[in-house]
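Let me begin by presenting the structure, written as structure tokens, before commenting on it.
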Amino acid sequence: MGKDFTSALRPAIVMTILFAALLGLAYPLAITGIGQAIFPVQANGSLVVENGKVVGSTVVGQAFTSDRYFQTRPSAAGQGYDGLASSGSNLGPTSQALIDRVKGDVEKRRAEGVSGALPADLVTASGSGLDPDLSPQAALAQVERVARVRGLPAARVRALVAAQVEQPLLGVLGEPRINILSLNRALDRLR
Amino acid sequence: MTIQGWFLILAFTGILLLLAKPVGMWLHAIYEGRRTPLHVVLGPVERGFYKLAGIDPTAEQGWRRYAVHMLLFNIVLMLFTYAVLRLQGVLPFNPQGLGAVGGHLSFNTAISFTTNTNWQSYGGESTMSNLSQMLGLTIHNFLSAATGIALAFALFRGFARHHSPEKGPATIGNFWADVTRITLYLLLPACVAIAIFYIASGVPQTLAGAIDVSTLEGAKQSILLGPVASQEAIKMLGTNGGGFFNANSAHPFENPTALTNFVQMLSIFVIGAGLSWTFGKAVGNTRQGWAILAAMMVLFLVGTGIAYWAEAAGNPNLHALGVPGGNMEGKEVRFGIAASALYSVVTTAASCGAVNAMHDSFTALGGMIPLFNMQLGEVVVGGVGAGIYGFLLFAILAVFVAGLMVGRTPEYVGKKIEAREVKLAVLAIAVLPLVILGFTSLSSVMDAGLAGPLNKGPHGFSEILYAFTSGVANNGSAFAGLTANTPYYNALLGIAMWLGRFFIIVPMLAIAGSLAAKKYTPAGAGSFPTTGGLWVGLLVGIILILGGLTFLPGLALGPIADHLAMIRGQLS
């Protein structure tokens, strides 16, 4: 056993250093170089720039709480959509805190005049707290309010929502969804 | 449940089975040390490493030497990462200006990544600099995976090589050659390709830190970037699971589309599935490998079906509020119910632990499946290497039990299974229940343990049980409501992860050594056939009974009690 141990010392230390250089520095830095060269937009966070200002990322969600916009899902990331503190609520199915929170959101939607079954994603927190999407149903449930606040015909807003739906890849992979930043930017352009 | 959801599950399974043979063949070439097309580029790197480290790759090792070299390498790697984390504040590539990682957290994290667990007591974005992510953590994602595969190779050689009259007992390979070849000819090139695909799909890869954004509503948002894609690629392929961000693969930057999600699930399983084929090839009968994969797929599809059903059925307490349908708490819209349920089963069947939805917020039974998968020892495909060697421990017990039941000679792929192998297999398998149940019980009565859970009632108990299960099984996923970044949990989980990794590996290597010292026993009329449907059924039974039964009382106190409360509307 003693000889097994002493014969392992040099390889263990040298291989740690060599692999650290290869896998911990050369590999990620090479990928960074390749990414920055071929896909600079995605590699830098798919940022959306408007009038020279960064207004968000197409990949990561941002908070929309105003009645003028399509509102995002509840978020447990920091105070909501905190890009430095991604998190789900981690509340379990029998949690009083979960049910109280959902009840509050349901009542808010009912006060806006939404009747019938509420889309689940509209009143539940996502896994990351940074979900960029809503289901088409959750967006449609907000059409009346947005149209009313903005003084737009509901039919035009509804058509805008329909145009923003991303269908599953090849019809099967993923869920129908709407990127809320993209939808709300289109909404701002609507006159 | 929808037709589209089931189509996803079956398409995933089908593609996985199609990939098993080609990946298995590639692994077999590495197992035998054959030349691959990649040797033109990477061959000099391999030889250079051996030269600098003073390694003779042709020097065969017995099981003791293989074990000691493996252990010492892992200990040095762990100390290296501990040092990187403790010195984070003075090291470069730290755009957010983060300070040193605390002592007990560094201890926990260094063990976590060394053991292929990747349990995250830390929130990635608020704790780890870019250098720590790359140099401290990414290297373990490669090397803990390579170690796992190397150990599987060692066990394969125990079955495939025989005592010979001239040379005596057979050896089980050279640890350094195995680890180096697996890293250079499999993990690294595959990760380069996958990382570039991830970047194209929207995963960031930069050395910059956070970007300040003024949102459409005029608020400020900081969006953290970093070298995410390079880590993401090996995080899945090596069944590591430690995310760049706190929310792991639920975070849109780690997993931006349904396609990246699909590729991630395949990456988690593909090497494990391939290794089943490699095992069959190594012992001279690929049907032996397919039989193992068949048993794995039975357990996988049953688990997936239950988890998908439970999540699609949803939470009656939300239904009562006028929110019908499946459970979307903790899930992302782009994945929905089916892809989230499937991912949760894949990540816990394998020893990955990446999550694309928060398991803590699953329905009671939906969350029980990931828990149970880990308690079975993660042998349903399993972690890279660890899955197949864990599975072979059950196979040894299965032939033993079969021998007792029908009076056949216990033999498996040409080797007589005798008392020593069975004892060692039981020793390895007993680690899981002993440590999981021991530490969970302790934490359920200690104040420091009870301070952890976020949720109250049975679900809080589930959080503790899940944590130790995940730790000992080297999974790394969590019922993340548990506040685990405390001295108590960091220390106890660190110990649990170490026991769960190396206290299984050492008896397993001893079995490899013991088998390699045996003569080849050709299958005769008295041998129990280990390729057909009967064998697959026996394997599934042994895994469920020996692996699962021990945990039923614990499951009754946690998820099952939680389920009963859920359907009765009892909140806590």
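The values are calculated or read from the model by the stated rules, or taken from the named source; none is laboratory data. What you see is a predicted model; the values in this text were computed from it and never measured. We place every Cβ from the backbone using ideal geometry, glycine too, and count neighbours over all the protein chains shown.
Here the range B:470-488 is the region considered, the condition is being outside any loop (DSSP other than H, G, I, E, B) and of a type in the set (G, A, S), and the residue that is surrounded by the fewest Cβ atoms within 10 Å (Cβ to Cβ) is B:S470.
Given the options B:I15, B:I75, name the one that is outside the structural domain of B:L188 (by TED's automatic domain parsing), among the β-branched types (V, I, T) and outside any loop (DSSP other than H, G, I, E, B). Break it down into steps so the answer makes sense when it comes.
Values: B:I75 fails: outside the structural domain of B:L188 (by TED's automatic domain parsing).
On inspection, the qualifying residue turns out to be B:I15.
With the condition kept exactly as written, say whether any residue in the range B:383-405 is crowded, with 24+ Cβ neighbours inside 10 Å and closer than 24 Å to B:A313 by Cβ. Checking the range B:383-405: not a single residue is crowded, with 24+ Cβ neighbours inside 10 Å and closer than 24 Å to B:A313 by Cβ.
If I filter the range A:168-191 down to residues being within 11 Å of another protein chain (Cβ to nearest Cβ) and in a loop (DSSP other than H, G, I, E, B), which single residue comes out as farthest from A:P119 (Cα to Cα)? Of everything passing the filter in the range A:168-191, A:L170 is farthest from A:P119 (Cα to Cα).
Which residue, of B:A491, B:A430, B:A451, B:A467, is buried (at least 24 other Cβ atoms within 10 Å of the Cβ) and out of contact with any Lys or Arg (no Cβ under 8 Å at 6 or more places or on another chain)?
Values: B:A491 fails: buried (at least 24 other Cβ atoms within 10 Å of the Cβ); B:A430 fails: buried (at least 24 other Cβ atoms within 10 Å of the Cβ); B:A451 fails: buried (at least 24 other Cβ atoms within 10 Å of the Cβ).
After ruling out the rest, the residue left standing is B:A467.
Test B:E232 against the stated conditions and say whether it is part of a loop (DSSP other than H, G, I, E, B) and within 14 Å of chain A (Cβ to nearest Cβ). Before you say what the answer is, go through the steps one by one.
Details: part of a loop (DSSP other than H, G, I, E, B): no; within 14 Å of chain A (Cβ to nearest Cβ): yes.
Here the answer is no, as B:E232 does not meet what is asked.
How many of the residues making up the range A:24-58 are facing another protein chain (nearest Cβ under 7 Å), loosely packed, with under 15 Cβ neighbours inside 10 Å and assigned to a helix (DSSP H, G or I)? Residues flagged as facing another protein chain (nearest Cβ under 7 Å), loosely packed, with under 15 Cβ neighbours inside 10 Å and assigned to a helix (DSSP H, G or I) within the range A:24-58 amount to 0.
For the range B:152-179, a tally of residues being of a type in the set (V, I, T), surrounded by 23 or more Cβ atoms within 10 Å (Cβ to Cβ) and out of contact with any Phe, Trp or Tyr (no Cβ under 6 Å at 6 or more places or on another chain) returns 1.
How many residues does the range A:59-79 hold that are buried (at least 19 other Cβ atoms within 10 Å of the Cβ) and more than 9 Å from the chain's Cα centre (by Cα)? Steps first, answer last, please.
First, pick out the residues of the range A:59-79 that are buried (at least 19 other Cβ atoms within 10 Å of the Cβ): A:59-64, A:69-77.
Restricting the remaining residues to those that are more than 9 Å from the chain's Cα centre (by Cα) gives A:63-64, A:69-77.
Qualifying residue count, the range A:59-79: 11.
With respect to the conditions (1) in a loop (DSSP other than H, G, I, E, B); (2) without any contact (Cβ under 8 Å) to a residue 24 or more places away in the chain; (3) out of contact with any strand residue (DSSP E or B) (no Cβ under 9 Å at 6 or more places or on another chain), A:A63 lacks only one, and its number is (3). Scanning the range B:415-433 turns up one or more residues that are in contact (Cβ under 8 Å) with a residue 12 or more places away in the chain, closer than 18 Å to B:G494 by Cα and among the hydrophobic types (A, V, I, L, M, F, W, C). Annotation note: of B:A200, B:A190, B:A208, the sole residue that is surrounded by fewer than 24 Cβ atoms within 10 Å (Cβ to Cβ), modelled with pLDDT under 95, over 24 Å from B:H359 (Cα atoms) and assigned by TED's automatic domain parsing to the domain that holds B:F156 is B:A208. Taken together, the residues in the range A:69-109 that are more than 8 Å from chain B (Cβ to nearest Cβ), assigned to a helix (DSSP H, G or I) and not small (G, A, S) amount to 6. Can you confirm whether the range B:39-55 contains a residue that is in a loop (DSSP other than H, G, I, E, B) and away from every other protein chain (no Cβ under 14 Å)? For the range B:39-55, residues in a loop (DSSP other than H, G, I, E, B) and away from every other protein chain (no Cβ under 14 Å): absent. Starting from the range A:124-142, take each residue that is under 16 Å from A:L187 (Cβ atoms) and list its partners that are among the hydrophobic types (A, V, I, L, M, F, W, C) and at pLDDT below 95, counting only C-beta distances under 9 angstrom and pairs at least six apart or across chains. Partner pairs satisfying both residue conditions: A:A141/A:V114; A:Q142/A:V114. If only residues of the range B:524-562 that are of a type in the set (S, T, N, Q) and surrounded by fewer than 20 Cβ atoms within 10 Å (Cβ to Cβ) are counted, the one that is nearest to B:F362 (Cα to Cα) is B:T550. Among the numbered conditions (1) within 18 Å of the chain's Cα centre (by Cα); (2) outside the structural domain of B:V346 (by TED's automatic domain parsing), the only one that B:F279 does not meet is (1). Scanning the range B:365-403 for residues that are touching a residue at least 60 places away in the same chain (Cβ under 8 Å), under 17 Å from B:A512 (Cα atoms) and aromatic (F, W, Y) yields B:Y389, B:F391, B:F394. Among the residues of the range B:262-279 satisfying the criterion of being surrounded by fewer than 24 Cβ atoms within 10 Å (Cβ to Cβ) and not β-branched (V, I, T), which is farthest from the other protein chains (Cβ to nearest Cβ)? Among residues in the range B:262-279 that are surrounded by fewer than 24 Cβ atoms within 10 Å (Cβ to Cβ) and not β-branched (V, I, T), the one farthest from the other protein chains (Cβ to nearest Cβ) is B:L266. Listed by first and then second residue, the pairs linking a residue in the range B:300-321 that is within 11 Å of chain A (Cβ to nearest Cβ) and crowded, with 16+ Cβ neighbours inside 10 Å to a residue that is charged (D, E, K, R) and assigned to a helix (DSSP H, G or I), with Cβ atoms under 9 Å apart and 6 or more places separating them unless they lie on different chains, are B:L321/A:K103.
What number of residues in the range B:275-317 are assigned to a loop (DSSP other than H, G, I, E, B) and hydrophobic (A, V, I, L, M, F, W, C)? Break it down stepwise before answering.
To start, the set of residues in the range B:275-317 that are assigned to a loop (DSSP other than H, G, I, E, B) comprises B:283-285, B:314-315.
Filter once more, keeping what is hydrophobic (A, V, I, L, M, F, W, C): B:283.
Summing the residues that are assigned to a loop (DSSP other than H, G, I, E, B) and hydrophobic (A, V, I, L, M, F, W, C) in the range B:275-317 gives 1.
Scanning the range B:47-93 for residues that are surrounded by fewer than 16 Cβ atoms within 10 Å (Cβ to Cβ), of a type in the set (D, E, K, R) and more than 30 Å from B:K518 (Cβ to Cβ) yields a total of 2.
Of the listed requirements (1) over 17 Å from B:V379 (Cα atoms); (2) out of contact with any Asp or Glu (no Cβ under 9 Å at 6 or more places or on another chain); (3) touching a residue at least 60 places away in the same chain (Cβ under 8 Å); (4) surrounded by fewer than 24 Cβ atoms within 10 Å (Cβ to Cβ), B:G457 misses just one: (2).
Residue by residue, here is whether (1) in contact with a helix residue (DSSP H, G or I) (Cβ under 8 Å, 6 or more places away or on another chain); (2) at negative phi; (3) within 14 Å of chain A (Cβ to nearest Cβ) holds:
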residue: B:G476; (1), (2), (3): yes, no, no
residue: B:T486; (1), (2), (3): yes, yes, no
residue: B:N490; (1), (2), (3): yes, yes, no
residue: B:P507; (1), (2), (3): yes, yes, no
residue: B:P529; (1), (2), (3): yes, yes, no
residue: B:L539; (1), (2), (3): yes, yes, no
residue: B:T550; (1), (2), (3): yes, yes, no
residue: B:P553; (1), (2), (3): no, yes, no
